[in-house]
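Asks: Got a structure for you, written out below as structure tokens; questions coming shortly.
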């Protein structure tokens, strides 16, 4: 989980999601506390902000998750033996295959 939160793409996506949904959720919570204002608040600004930031936020989060997963997985590679006595030893990957 920490690797996902360290990704720049994921941070940008979560920031966009917070900026886009924060005002809308605060506006709706404020409307519930004031029953005389009507059952549904009539402000369009927070809704439009959420509309224009939700899908870019989801796309950034998905890109961040895919990039972190692709970095943590290795392909079907095999460690080769040194060809001669002067070749350096080859490190064997210990990461989990996906």
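The values are calculated or read from the model by the stated rules, or taken from the named source; none is laboratory data. From a predicted model like this one, the values you see are computed outputs, not experimental measurements. Ideal geometry is used to build each Cβ from the backbone, glycine not excepted, and the neighbour counts take in all protein chains shown.
Asks: For region 1-16, which positions are under 8 Å from the mean Cα position of the chain (by Cα) and assigned to a helix (DSSP H, G or I)?
Replies: 4, 5, 9, 10, 11, 12, 13, 14
Asks: Can you spot a residue in region 76-91 that is in a helix (DSSP H, G or I) and modelled with pLDDT of 60 or more?
Replies: Among the residues of region 76-91, not one is in a helix (DSSP H, G or I) and modelled with pLDDT of 60 or more, which makes the answer no.
Asks: Taking the residues in region 38-55 that are under 15 Å from residue 26 (Cα atoms) and modelled with pLDDT of 80 or more as candidates, determine which candidate is surrounded by the most Cβ atoms within 10 Å (Cβ to Cβ).
Replies: So, considering only residues that are under 15 Å from residue 26 (Cα atoms) and modelled with pLDDT of 80 or more, the one surrounded by the most Cβ atoms within 10 Å (Cβ to Cβ) is 50.
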